[in-house]
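Laboratory data are not the source of any read-out in this text; all were calculated from the coordinates shown. What you see is a predicted model, and the numbers here were worked out from it, not measured in a lab. Methodologically, a virtual Cβ is constructed for each residue, glycine included, from the backbone with ideal geometry; neighbour enumeration extends over all protein chains shown.
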Amino acid sequence: MVDDLRSEDGLGGLDGHRARQQRRPENGTQRPLADREVPLGQQDHDSHVLAPAVHAWLDGELPEAAVRKGDTARDVEFWKQINVEVDQRRRMHTPTYLEARIMDALPQTAPAVITPWWRREFVISPMTAVGIAAALVVVVAAATAAFMLAAR
């Protein structure tokens, strides 16, 4: 997956097709992969894949004693340590004074609109547009009729 929203060449954006066309070099070669692109399905030589028995133990399908043999003992110890750390962090609470400081720092009123009304986005529904067009036709017809009566 390519992240076009924040590309290094400054051509990224919501219009990905145009950005891809502008980014393509004239000689037809593809640009090099960015550091955010990770090829899937390739394993590094140093990567460690968990054994299926460890996965079964983590899912609760095997007892710990069945997995603590051989090479998987290190993985079991690692995951047990992660569980201990997660349990400790789950029991942590924000101190009352800190929570009070955070709540006091929040604004008490809604922020005012900074942009003037004439610069804000104007959104109109299709039914409203039809109603405005019909009213405009009626006003123009009435003005034309009044002008014709005044001209006689």
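Descriptive notes on the structure:
- Cβ charges +1 (Lys, Arg) and -1 (Asp, Glu), total dipole of the stretch 46-104, debye: 180
- Put in order of Cβ neighbour count within 10 Å, fewest first, the listed residues Trp79, Trp57, Trp118 become Trp118, Trp79, Trp57.
- Peptides 72-78, 123-129, ordered by how many other C-beta atoms sit within 10 Å of their residues on average, highest first, read 72-78, 123-129.
- Amide H contacts under 5 Å for Leu62, placed H, 5+ residues apart: Trp57
- Backbone phi angles across the stretch 136-150, fed through the Karplus curve with coefficients 6.51, -1.76 and 1.60 (θ = phi - 60°), yield HN-Hα couplings of 5, 5, 5, 5, 5, 5, 5, 5, 5, 5, 5, 5, 5, 5, 6 Hz in residue order; Gly and Pro are listed as x.
- As a rough footprinting exposure proxy, the listed residues Ile102, Ile114 were ranked by other beta carbons within 10 Å of their own, and the order from fewest upward is Ile114, Ile102.
- Per-residue Karplus couplings for the stretch 49-62, computed as 6.51 cos²θ - 1.76 cosθ + 1.60 with θ equal to phi - 60°, are listed in order as 9, 5, 5, x, 5, 5, 4, 5, 5, 5, 7, x, 8, 10 Hz, Gly and Pro entered as x.
- Rounded if a/c under 1.5, otherwise prolate or oblate - the stretch 43-104, Cα gyration tensor axes: prolate
- For the pair Asp59 and Ala112 in one chain, pulling the backbone fully straight at 0.36 nm per residue adds 14.0 nm over the alpha carbon distance.
- Coupling constants for the stretch 70-82 follow from the phi torsions by the Karplus curve (6.51 cos²θ - 1.76 cosθ + 1.60, θ = phi - 60°), and in residue order they are x, 6, 7, 4, 5, 5, 4, 5, 4, 5, 5, 5, 4 Hz; glycine and proline get x.
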